[in-house]
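These notes are about the structure you will find just below.
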Amino acid sequence: MDSQASSKLRPMGAKRNPPIESLRHVFQDSMDRMSPGDILLLDDNESLRDLVDPAFFAILSCPLCGKLDLITQSQYSGIESVICGYDDCSCHFRIDHKQALIYLPVN
């Protein structure tokens with residue numbers, strides 16, 4: 001992304017926050033206040049686990065845009081990469097050791 005396109009995404013003069021380096025595990029009572037890089041494991045929250053397809057393992061707040069999405073056990077374990085599911089975000093990363101975030105190029 002060029003600097004002109006990047007400047008259209010944030011207010012004039014706003015500084016870009018440094019990329020989130022690691023996940024922050026939160027619990028269900030924090031779900032409405034999740035920040036970029038927060039993750040809520042579904043198996044730790046029985047009431048949510050019953051509401052979500054068993055193929056998914058956690059709710060993740062995108063470390064770039066902060067929007068919530070579901071991820072699988074393979075993504076959480078770093079076997080598969082994660083791509084933000086929203087059209088206006090191109091965040092692509094891998095979770096290393098169930099904690100650290102390694103950002104990948106967007107193809």
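The values are calculated or read from the model by the stated rules, or taken from the named source; none is laboratory data. Remember, predicted model here, so these are calculated numbers, not experimental data. Note that each Cβ is placed from the backbone with ideal geometry, even for glycine, and that neighbours are counted across all protein chains shown.
Of everything in region 44-63 that's exposed (fewer than 14 other Cβ atoms within 10 Å of the Cβ) and aliphatic (A, V, I, L, M), which residue is nearest to ASP29 (Cα to Cα)? Filtering region 44-63 for residues that are exposed (fewer than 14 other Cβ atoms within 10 Å of the Cβ) and aliphatic (A, V, I, L, M), the one nearest to ASP29 (Cα to Cα) comes out as LEU51. Candidates CYS62, CYS89: the one that is within 20 Å of MET34 (Cβ to Cβ), of a type outside the set (Asp, Glu) and modelled with pLDDT of 95 or more is CYS62. In region 64-80, the count of residues that are within 19 Å of PHE27 (Cα to Cα), in contact with a Gly (Cβ under 6 Å, 6 or more places away or on another chain) and charged (D, E, K, R) is one or more. The residues in region 59-107 that are assigned to a loop (DSSP other than H, G, I, E, B) and touching a Leu at 6+ places or on another chain (Cβ under 9 Å) can be counted, and the count is 11.
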